[in-house]
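**Q** Before anything else, here's the structure in question.
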Amino acid sequence: MAVFVMGKNQQPLMPCSEKRARLLLQRGRAVAHKRYPFTIRLKDRVGGNTQPLRLGIDPGSRITGLALIRESVGEQRHVLRLFELAHRGFQIKKALEQRAAFRRRRRSKNLRYRAPRFNNRTKPKGWLAPSLQHRVDTVMAWVNRLSRLAPITAISQELVRFDTQKLENPEISGIEYQQGTLLGYEVREYLLEKWGRECAYCGDTDTPLEIEHVVPRSRGGTNRVSNLALSCHPCNQAKDNGTLDDFFATDKGLKKRLKTNGHTADARLERVQRQLKQPLRDASAVNATRWALFNALKATGLPVAVSSGGRTKYNRQRLGIPKTHALDAACVGAFDMLHDWAVPTLTIKAMGRGSYQRTRLTQYGFPRGYLMRQKQVHGFQTGDMVKAVVPTGKKAGTHMGRVAVRKTGSFNIQTEQGTVQGISHKHCTVIQRGDGYGYHLHPSPT
Ligand SMILES: [Zn+2]
């Protein structure tokens, strides 16, 4: 795992190894500048040689993977740091829904008059829901933070699930899909999207899906994508060389599965036939948040290379790399080899900066308790990363993590092993001030 290095005037230099950072710190040539992600600042150097650094981004709805990669000749990638950014889009959505519900109550109850406000605002072009805008904003915040810590020269983003350009016209041009090729992965991602990630026939979701010829090869069916569907193993086996109509009319196993999934045979058959004729539009495979992120990334001025989920998967399986969000980010785009990928991942969790509302409510909206007015207690604030050294007692030892302050001066610390309660402020020292994120370092999956 690499350590970020800054020059004397806080300009980003090439990250160095942990060992080198330790030596620099021991010899007094550098000071620790930041704890998360660990950054040192050199006391004597201003500039230095830099190499091309790429930031890989795999945007997700819950977690976005980020990977800092050094690039060398021959399309080689060396992983320097891995990050997983956990968003709080779902909490934001919940909070806004709750606020809306409270307002609704205030309007309908016999309280002071409040003018109706619901249809009197316009949304600007490119507007995203707050929970989605938050995803773009937090990713951009971290792209900007990381480019202040390392001399990033390029960005790779996974923009689309599959590359229609690569497939040319998947509905009309014939392609021989093959397991293990890039095209094979693009076709698979395309089919997953087209058939809604479920068995096209019975609607099973929690099962491995196989590529299926709707009109069997033996009956003159082609390898074209327009003749392909995804089905579960039992459906694929049962349909075999039969026609679609026969399969739906006679197969008992299918009827059983349809029933458990709440479908009727006729409606399902009609849906399959309709889907087959309908080519998937480009836009439906790309979501608005990813596009908004792409436009924001372009605005940084760095070259942004976009790639598809099919290619990420192809790279990951070709190189035998485990599936994590951070490693997916390292596998985005076109390259030959990925080195040094077995490094710990820093999980960055968006925590917010506390609540404006001082009254805690029950689920019915009645007051349950009140939060204190002041934010600081003995110089600590909820969200600070602290180190507590407790000399004696039940909680003796060293605890490191995110602190939650209480007026009494007895704090809770969220450590990697869980929450430790009732630690006196006297034992705590701040290692990094709260910045709206919680940090945890997770070991590599291998
Ligand atoms: Zn099935």
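**Q** Pick from 237, 275: which is touching a residue at least 40 places away in the same chain (Cβ under 8 Å) and within 16 Å of the ligand (Cβ to nearest atom)?
**A** 275
**Q** Another one. Can you name every residue in segment 416-427 that is surrounded by 15 or more Cβ atoms within 10 Å (Cβ to Cβ) and within 27 Å of residue 142 (Cβ to Cβ)?
**A** If the condition is that a residue be surrounded by 15 or more Cβ atoms within 10 Å (Cβ to Cβ) and within 27 Å of residue 142 (Cβ to Cβ), then no residue fits.
**Q** Going by the conditions given, is residue 301 open to solvent by 60 Å² or more (accessible area, probe 1.4 Å), at positive phi and at pLDDT 90 or above?
**A** Considered against the rule, which asks whether it is open to solvent by 60 Å² or more (accessible area, probe 1.4 Å), at positive phi and at pLDDT 90 or above, residue 301 comes out as yes.
**Q** Looking at (1) open to solvent by 70 Å² or more (accessible area, probe 1.4 Å); (2) within 22 Å of residue 294 (Cα to Cα), can you tell me which one residue 75 breaks?
**A** (2)
**Q** Same structure again: So which residues in segment 98-129 are within 24 Å of the chain's Cα centre (by Cα) and exposed (fewer than 11 other Cβ atoms within 10 Å of the Cβ)?
**A** If the condition is that a residue be within 24 Å of the chain's Cα centre (by Cα) and exposed (fewer than 11 other Cβ atoms within 10 Å of the Cβ), then 126 is the only one that fits.
**Q** Take segment 191-227 and flag every residue that is within 20 Å of residue 267 (Cα to Cα), among the aliphatic types (A, V, I, L, M) and more than 15 Å from the ligand (Cβ to nearest atom).
**A** The one that is within 20 Å of residue 267 (Cα to Cα), among the aliphatic types (A, V, I, L, M) and more than 15 Å from the ligand (Cβ to nearest atom): 215.
**Q** Pairs under 9 Å by beta carbon, first residue basic (Lys, Arg) in segment 81-99, partner open to solvent by 60 Å² or more (accessible area, probe 1.4 Å), six or more apart or different chains?
**A** Between residues of segment 81-99 that are basic (Lys, Arg) and residues that are open to solvent by 60 Å² or more (accessible area, probe 1.4 Å), the close pairs are 88/349; 93/130.
**Q** Among the residues of segment 224-233, which ones are at pLDDT 90 or above and over 16 Å from residue 197 (Cα atoms)?
**A** Scanning segment 224-233 gives no hits.
**Q** Which count do you get for residues in segment 1-39 that are more than 18 Å from residue 144 (Cα to Cα) and part of a strand (DSSP E or B)?
**A** The number of residues fulfilling the criteria is 6.
**Q** Could you grab me the full set of residues in segment 66-82 that are touching a Lys or Arg at 6+ places or on another chain (Cβ under 9 Å) and among the hydrophobic types (A, V, I, L, M, F, W, C)?
**A** 66, 67, 68, 69, 79, 80, listed by residue number.
**Q** Looking at (1) crowded, with 17+ Cβ neighbours inside 10 Å; (2) more than 16 Å from the ligand (Cβ to nearest atom); (3) at pLDDT 85 or above, which is the one condition that is false for residue 144?
**A** (1)
**Q** Would you tally the residues in segment 1-49 being farther than 23 Å from residue 434 by Cα, open to solvent by 90 Å² or more (accessible area, probe 1.4 Å) and touching a residue at least 60 places away in the same chain (Cβ under 8 Å)?
**A** The total comes to 0.
**Q** Against the conditions (1) within 25 Å of residue 318 (Cα to Cα); (2) within 16 Å of the ligand (Cβ to nearest atom); (3) buried (at least 18 other Cβ atoms within 10 Å of the Cβ), where does residue 187 fall short? Just the number, please.
**A** Exception for residue 187: condition (2).
**Q** Could you list all residues from segment 43-53 that are at pLDDT below 95 and either of a type outside the set (D, E, K, R) or under 25 Å from residue 340 (Cα atoms) (or both)?
**A** Residues satisfying the conditions are 46, 47, 48, 49, 50, 51, 52.
**Q** Same structure, new question: Do we have any residue at all in segment 373-380 that's in contact with a His (Cβ under 6 Å, 6 or more places away or on another chain), open to solvent by 30 Å² or more (accessible area, probe 1.4 Å) and in a loop (DSSP other than H, G, I, E, B)?
**A** Yes: one or more hits.
**Q** May I pose another question? Can residue 267 be described as part of a helix (DSSP H, G or I), modelled with pLDDT of 85 or more and within 16 Å of the ligand (Cβ to nearest atom)?
**A** Spelling it out, residue 267 is indeed part of a helix (DSSP H, G or I), modelled with pLDDT of 85 or more and within 16 Å of the ligand (Cβ to nearest atom).
**Q** Which one of 334, 326 is touching a Ser or Thr at 6+ places or on another chain (Cβ under 8 Å), more than 24 Å from residue 187 (Cβ to Cβ) and either small (Gly, Ala, Ser) or at pLDDT 95 or above (or both)?
**A** 326
**Q** Let me ask something additional. What are the residues in segment 295-310 that are under 16 Å from residue 152 (Cβ atoms) and polar (S, T, N, Q), if any?
**A** Across segment 295-310, the qualifying residue is only 300.
The values are calculated or read from the model by the stated rules, or taken from the named source; none is laboratory data. Please read these numbers as outputs of a predicted model, since none were measured by experiment. Please note: Cβ atoms are built from the backbone with ideal geometry, for glycine as well, and neighbour counts cover all protein chains shown. Just so you know, the surface numbers come from the protein's heavy atoms only, side chains and all, with ligands and any DNA or RNA stripped out. Shrake-Rupley method; radii C 1.70, N 1.55, O 1.52, S 1.80 Å.
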